[in-house]
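This report concerns only the one structure given below.
The values are calculated or read from the model by the stated rules, or taken from the named source; none is laboratory data. This one's a predicted model, so the numbers in the text were calculated from it and none came from an experiment. Cβ: placed from backbone, ideal geometry, glycine included. Neighbour counts: every protein chain shown. These accessible areas exclude ligands, DNA and RNA; they are computed on the full protein's heavy atoms, side chains included. Shrake-Rupley method; radii C 1.70, N 1.55, O 1.52, S 1.80 Å.
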Amino acid sequence: MAYETLLKSWGDPGVEWKDGWAFAKDEPLPAEWANFLFDNLIKDVQHLIDHTNTLDPETDGTVVNADKVDGLHADQLGGFKFTQVETPDNLTESVSWHKTSSGLLYISDGEKFEAQPEIGYQEYDDFTVSDVAVTFDPVPRTELTDTGSIKLIDEVVVADFTDGVKPNDRAWEWTTAPSLSGTEGHVESVGNTASAVLTREAPVAQNIEARLRIDGDTANINDAAHLRLDGPNGTRWFQITFNDGGGNVTLHDNSELFASWSPGSNYDFEFDVDYDAGTFTLFINGVEELTDYPMENAVSGTSEITFITDTSSSGYTRAIYLDSIVEGAREYGETILTPVEPDERITDWDILRYTETEDGETVTVDVLDEVGNVLVSDIENHGDISTAVPAGTNLQIRVRIARSNVANNPTFDGFYRRWVMRPGDTGLSKKEEEEWKAMDTRARYRHTRLARRQS
């Protein structure tokens, strides 16, 4: 039966005793002081009873778990239970033994004492080294820095014509090339339709920028100039048309964007594209003209940029100029890192540590098996992989980097993975010994050949 009291909460709390108050022998206790005294005594007693019942719920006079720390008996606690030469008789699980004659630490598994295992590890702080493979997206959105970290690709200039017509970025090529006019591309139509077509073999899911200038209006309402963007397989997702004859500027859905346009003026286009949603936001000369506007056809990326001048109705000669074609900075990208195989004597994986520079953005690390299955998602730094990753798996690291502000540069800088081996498995493994012997043999052979040549 739990401890109880017959005292009940009652009475007025009274007033707190004041300095100078007193009462003599045989005089009654002042009511104000009595109320204050007994009210507080009752509260204190009830609190102590509640606390005692918590400590001794079985009312046997013994504090609960007094023989334990955090629920563990002394035999289960860390530290050296035994420090001696002789093997202890106590085989309780987790009992520790420091063997003073050899300096070894043993832990009991409940049946026997075992020396503690060896560990091996691989550590990388530069991913340009040869023993870790770096796999980027099919269309890369990440790259390596000069110091070997992984970062998102910043803005890429595709063509600026400062060194000729050839694109600055080798991923793009002109399938129909413009001519060069100073430091601009130049396309001229002579009573026909002429174009310059810039093509990328693999579509890039990035923002696009380009400049277009039309040097004149033919005054024929059937003539026009166009800027067109296509996805894979020639699927058009955007076109803007500058209609001649004092005409307007229209979009691919025939809606009017501007009532008129100015020959000889530069039009700088910037497309902020959400390829997953099939929409884009269009800035012209820095002004937001379209917001979350639907693509003509949803595409996975941009494969082709086309500049067109059509004067086939008027028969006139007219030129257009193109410049400043740019891929926007990447806002998301993935990279997979695959180190060389760990020591073949591995019995278990242990932990994964890594270093990153978030720069106000997001760097997420996943652990994969050899075929890309996720074993641990969004693992924390110094995360435990001992139960999630089989010993025979050469785990891979997938790094996902995202940023909302392209002025920030989050990076993934290095990682350390550790595994466990049997006690005594130290030094080079058999595989490593064979590799070193082969290298030594090749070196000796080369030395012998050189010596013979010199002789």
For this session: Please give the length that would be gained between A438 and T357 if that part of the chain were fully extended, namely 0.36 nm times their separation in residues minus their C-alpha to C-alpha distance (nm, one decimal).
Result: 25.1 nm
Problem set entry | Amide H within-cut-off set for A205, under 5 Å, with H built and near neighbours excluded | T302
For this session: Taking DSSP loops as anything outside H, G, I, E and B, show the longest stretch in the chain free of chymotrypsin sites (Phe, Trp or Tyr not before Pro) there with at most 16 other beta carbons within 10 Å.
Result: 81-455
Seminar exercise, completed: Sorted largest first, the C-alpha extents of the chain along its principal axes in whole angstrom are 126, 98, 38
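Which value, in Å², gives the accessible area per residue of the chain when a 1.4 Å probe is used on the protein heavy atoms?
Per-residue accessible area for the chain comes out at 56 Å².
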Exercise. In bins 10 Å wide, starting from 0, what share of all Cα pairs of region 27-175 does each bin hold, as a percent?
Worked result: 8, 15, 11, 10, 13, 11, 12, 10, 5, 2, 1, 0
Exercise. By how many degrees, 0 to 90 and rounded to 10, does the Cα axis of helix 31-55 deviate from the longest principal axis of the chain?
Worked result: 70
Problem set entry | Nearest 10 degrees, 0 to 90: helix 430-454 Cα axis against the chain principal axis | 50
For this session: List, in order, the whole-Hz ³J(HN,Hα) value for each residue of region 397-406 obtained from phi through the Karplus relation with A = 6.51, B = -1.76, C = 1.60 and θ = phi - 60°; use x for Gly and Pro.
Result: 10, 9, 10, 10, 10, 9, 9, 9, 10, 6
Exercise. So, with a 1.4 angstrom probe, what is the percent of accessible area on the chain that is carbon and sulfur?
Worked result: 48
Problem set entry | Under 5 Å, built H, 5+ apart or other chain: amide partners of F82 | S96, W97, H98
For this session: Set the Förster distance to 30 Å, then compute FRET efficiency between S255 and N285 from the Cβ-Cβ distance, nearest 0.05.
Result: 0.95
